[in-house]
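Working notes, beginning with the structure itself.
The values are calculated or read from the model by the stated rules, or taken from the named source; none is laboratory data. From a predicted model like this one, the values you see are computed outputs, not experimental measurements. Quick reminder, even Gly has a Cβ in these numbers, built from the backbone with ideal geometry, and neighbours come from all protein chains shown.
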Amino acid sequence: MRYLKPLAFAAAVAIGVIPAMTVRAQQRGETFAWAPVPTNNPGWVAPNKPHWKVSELIAAHKGQASWNEHIVNDSNLQAHYIQLAAGTKTKRQFHPDNPIWWIMQSGTLQFNIEGQEPIKATKGFLVQAPYRNIFSMEVLGDQPALFLEVTVTGSPVLYPFDETPAPVPGQEFVKVRISGKKNYDATNKPFLDFNGMIASGGRPGGAFVKDDRAFANVIRGNPQADNPKDKGHFHEVSGEFWFILEGQIEYKIGSLPIFLADVGDVVYAPKGMWHRAHHGGTGTSTRLAMNGYPDMLHNYQPNDELR
């Protein structure tokens, strides 16, 4: 279907030119709308880029026992790929109003989260700490731990009284009294052992982090047929990025050539840009999709444009 100007679209509906399309949409609970998109999308602003390959990150930091690479930076979420050297122990800390979560790529990292048994996380573990839950991390064994850490943009780090805060330029730390914290629930669990669940025959999927300002969703499936007319969808208020947990994911983002992402890679699509993620390769694949809203709007093409 050709794009129609708003008045022309309304006229077409009124005279019955497109009643079938309208009826189908109503039956599916859909609404046809005019969605704004940037005429000149700024695209990827550093450190954001379409495809962070974990192999290239490791090569770039060769010889460094510990390193921290800021790879996602937008108005909703931040992500850092971090390697901690063997024996590293972090300070006890927490976030005041937002969750923090991690995806393990290699090594063994013990998470000590308030009220929970220690979590010994290896490759494929997803771990989270809801707001105001004090946590610390310790690298176990003689190998470094490599993981992705995701936080809500603007969320500061606080420390309990018995810790010495890490200095932050332009800020000072003062003693305060606080109360309350978010508890885990049926969706927001302390951890998901993705690889362990797969090995035992489980089929993990669905939300892992679901908060007012953050969402992380496990999407698992098998290779899909390609429709060259399908541009996918775009979002109005948040970029979206993915961590590949299993297999290969095929991406089509804006005008970029289609590409494959492997386990441990991170892919980013800016807000307002068409993008599509397919299960690629030859077997089952899984991605962890992350963005700023648990019920974020997906703007799709009308079905007539896909034929």
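Scan region 261-307 residue by residue and report those that are in contact with a Lys or Arg (Cβ under 7 Å, 6 or more places away or on another chain), outside any loop (DSSP other than H, G, I, E, B) and among the β-branched types (V, I, T).
Once the filter is applied, which keeps residues that are in contact with a Lys or Arg (Cβ under 7 Å, 6 or more places away or on another chain), outside any loop (DSSP other than H, G, I, E, B) and among the β-branched types (V, I, T), region 261-307 yields only T286.
Checking D142 against (1) in the same structural domain as L77 (by TED's automatic domain parsing); (2) farther than 27 Å from Q83 by Cα; (3) among the charged types (D, E, K, R), which single condition isn't satisfied?
(2)
(1) more than 30 Å from A199 (Cβ to Cβ); (2) free of Cβ contacts under 8 Å to residues at least 60 places away in the same chain: which one isn't true of Q78, the others all being true?
Against the list (1) more than 30 Å from A199 (Cβ to Cβ); (2) free of Cβ contacts under 8 Å to residues at least 60 places away in the same chain, Q78 comes up short only on (2).
Hey, could you check region 25-51 for residues that are among the small types (G, A, S) and in a loop (DSSP other than H, G, I, E, B) and say which is modelled with the lowest pLDDT?
Here is the first cut: in region 25-51, the residues among the small types (G, A, S) are 25, 29, 33, 35, 43, 46.
Narrowing further to those that are in a loop (DSSP other than H, G, I, E, B): 29, 33, 35, 43, 46.
Values: G29: 74, A33: 93, A35: 96, G43: 95, A46: 97.
Ranking the qualifying residues of region 25-51, first place goes to G29.
For region 212-243, how many residues are in contact with a helix residue (DSSP H, G or I) (Cβ under 9 Å, 6 or more places away or on another chain) and of a type in the set (A, V, I, L, M, F, W, C)?
Residues meeting the conditions: 1.
Answer yes if at least one residue in region 165-181 is within 27 Å of E246 (Cβ to Cβ) and assigned by TED's automatic domain parsing to the domain that holds G63, and no otherwise. Talk me through it step by step, then tell me what you get.
Step one: of region 165-181, the residues within 27 Å of E246 (Cβ to Cβ) are none.
No, there is no match, as no residue in region 165-181 is within 27 Å of E246 (Cβ to Cβ) and assigned by TED's automatic domain parsing to the domain that holds G63.
Could you list, in sequence order, all residues of region 161-196 that are in contact with a strand residue (DSSP E or B) (Cβ under 6 Å, 6 or more places away or on another chain) and among the hydrophobic types (A, V, I, L, M, F, W, C)?
Once the filter is applied, which keeps residues that are in contact with a strand residue (DSSP E or B) (Cβ under 6 Å, 6 or more places away or on another chain) and among the hydrophobic types (A, V, I, L, M, F, W, C), region 161-196 yields F191, L192, F194.
Tell me, yes or no, whether region 159-172 has at least one residue that is in a strand (DSSP E or B), under 27 Å from S238 (Cβ atoms) and out of contact with any Cys (no Cβ under 6 Å at 6 or more places or on another chain).
Going residue by residue through region 159-172, those that are in a strand (DSSP E or B) are none.
Checking region 159-172: not a single residue is in a strand (DSSP E or B), under 27 Å from S238 (Cβ atoms) and out of contact with any Cys (no Cβ under 6 Å at 6 or more places or on another chain).
Assess whether P42 counts as being in contact with a Leu (Cβ under 9 Å, 6 or more places away or on another chain), loosely packed, with under 14 Cβ neighbours inside 10 Å and not assigned by TED's automatic domain parsing to the domain that holds V266. Lay out the reasoning, then the answer.
Numbers: in contact with a Leu (Cβ under 9 Å, 6 or more places away or on another chain): no; loosely packed, with under 14 Cβ neighbours inside 10 Å: yes; not assigned by TED's automatic domain parsing to the domain that holds V266: yes.
Against the criterion (in contact with a Leu (Cβ under 9 Å, 6 or more places away or on another chain), loosely packed, with under 14 Cβ neighbours inside 10 Å and not assigned by TED's automatic domain parsing to the domain that holds V266), P42 does not qualify.
Residues are listed down the side, and each one gets a yes or a no for (1) closer than 21 Å to A166 by Cα; (2) in contact with a Leu (Cβ under 8 Å, 6 or more places away or on another chain):
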site	(1), (2)
E56	no, no
H61	no, no
H70	yes, no
L77	no, no
I82	yes, yes
T88	yes, no
D97	yes, no
M104	no, yes
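Would you point out the residue of region 52-75, among those that are free of Cβ contacts under 8 Å to residues at least 12 places away in the same chain and either outside any helix (DSSP H, G or I) or of a type in the set (D, E, K, R) (or both), that is nearest to R213 (Cα to Cα)?
Only one residue fits best here, namely E56.
Can you go through G141, G170, G201 and tell me which one is among the small types (G, A, S) and within 16 Å of M104 (Cα to Cα)?
Values: G170 fails: within 16 Å of M104 (Cα to Cα); G201 fails: within 16 Å of M104 (Cα to Cα).
None of the other options fit; the residue is G141.
Restricting attention to region 98-150, and to residues there that are acidic (D, E) and surrounded by fewer than 17 Cβ atoms within 10 Å (Cβ to Cβ), which single residue is farthest from K210 (Cα to Cα)?
As a first pass, look at region 98-150 and keep what is acidic (D, E): 114, 117, 138, 142, 149.
Going one step further and asking which of them are surrounded by fewer than 17 Cβ atoms within 10 Å (Cβ to Cβ), we end up with 114, 117, 142, 149.
Values: E114: 19, E117: 22, D142: 34, E149: 16 Å.
Among those residues, the one meeting the criterion is D142.
Take the residues in region 237-260 that are in a loop (DSSP other than H, G, I, E, B) and surrounded by 14 or more Cβ atoms within 10 Å (Cβ to Cβ), then tell me which one is nearest to the chain's Cα centre (by Cα). Before you say what the answer is, go through the steps one by one.
Let us first name the residues in region 237-260 that are in a loop (DSSP other than H, G, I, E, B), namely 237-239, 247-248, 254-258.
Checking which are surrounded by 14 or more Cβ atoms within 10 Å (Cβ to Cβ) leaves us with 238-239, 247-248, 254, 256.
Working: S238: 11, G239: 9, G247: 17, Q248: 16, G254: 19, L256: 20 Å.
For region 237-260, the residue satisfying everything is G239.
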